[in-house]
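First the structure, in the form of structure tokens, and then the observations on it.
The values are calculated or read from the model by the stated rules, or taken from the named source; none is laboratory data. The shown structure was predicted, so the numbers you read here are calculated from the model rather than taken from an experiment. Quick reminder, even Gly has a Cβ in these numbers, built from the backbone with ideal geometry, and neighbours come from all protein chains shown. These accessible areas exclude ligands, DNA and RNA; they are computed on the full protein's heavy atoms, side chains included. Shrake-Rupley method; radii C 1.70, N 1.55, O 1.52, S 1.80 Å.
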Amino acid sequence: MTDQDFIGFFAEAVGADEGSIRLDTELTSLEGWDSVAYLSTMTFLDEQMGVVLNPDQMLEAVTVSDILKMARSKE
């Protein structure tokens, strides 16, 4: 999965325009980063990347890149 593929999914999950999301975007700056987006992201990582992250790990993520790095480290 490319960075852009993940950004496209993530933008959709948080209800943002794809062009407004970058890898260095801080999760707390996103109005749509809520429990639903969190669960959607966990499901996406499992189904599309075959990666299951510990929920506590996800809570440590500060940026979009942090989530992607965690997922890639588990591939």
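At 1.4 Å probe size, with the rest of the protein present, what percent of the exposed accessible area of the range 29-75 is carbon and sulfur atoms?
The C+S portion of the solvent-accessible surface of the range 29-75 is 49 percent.
Roughly speaking, what is the stretch gain from Ser73 to Asp24, that is 0.36 nm per residue apart minus the C-alpha to C-alpha distance, in nm to one decimal?
Length difference between fully extended and current span is 15.9 nm.
Below 9 angstrom from the Cβ of Gly50, what's the summed charge of the other residues (Lys, Arg +1; Asp, Glu -1)?
-2
Quick one: which residues, 5+ away or cross-chain, put their amide H under 5 Å from the amide H of Thr63? H built at 1.01 Å from N.
Answer set, sorted by chain and number: Leu27.
With an 8 Å Cα cut-off and a minimum separation of 6 or more residues, compute the relative contact order for the chain in percent.
Relative contact order, the chain: 33 percent.
What does the accessible area per residue of the chain come to in Å², with a 1.4 Å probe and no ligands, DNA or RNA counted?
60
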